[in-house]
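The values are calculated or read from the model by the stated rules, or taken from the named source; none is laboratory data. Small disclaimer: the values here were computed from a predicted structure and weren't measured. Glycine also receives a Cβ, built like all others from the backbone with ideal geometry; neighbour counts cover every protein chain displayed. These area figures cover heavy atoms from the full protein model, side chains too; ligands, DNA and RNA do not enter into them. Shrake-Rupley method; radii C 1.70, N 1.55, O 1.52, S 1.80 Å.
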Amino acid sequence: DAGVPSLALLHMMEGRQLVIVIDCADFGGQPGEITTFTPGQVKRQEPDRQASLPGNDLMTTFDIAAQTGMPLPPVWIVGIQPAKVEMTMELSDEALGALNHLPHIIRDLIKEQAPSGLH
């Protein structure tokens, strides 16, 4: 649990062989739909956005790592399409239902992406 993405997230990733981030992601899918992607596959709506500390959006946090030359392990994002995009800690019924699928998706990502010996 990294909470709000910030530089602390980068430190949490140091020394890891694989990082899987689970979060809501508005990718235009049906509420509760799940997709997986890498940070490099994200099309930014605000590509020139400046970092603001202490809390950044997830992609800005990865941008900071790239700009500072910090080596990162392979990173995959498991995104769950929210029913509506708003600042809340509560999940929609669709997002809650999607949680049941996460163990299988995460297991498959580990099997497919992890360096040998991590399985």
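Placing pseudo-labels 7 Å out from each Cα toward the beta carbon at GLN30 and THR88 gives an inter-label distance of 2.1 nm. Between GLU14 and LEU102, the simple spin-label model (points 7 angstrom out along Cα→Cβ) gives 2.6 nm. Ranking THR36, THR60 from most to least accessible surface, computed with a 1.4 Å probe over the protein chains only, gives THR36, THR60. Taking every protein chain into account, the 1.4 Å probe leaves PHE62 with about 20 Å² of accessible area, to the nearest ten.
Extending 7 Å from Cα along the Cβ direction at ASP23 and again at THR68 yields two label points whose distance is 1.7 nm.
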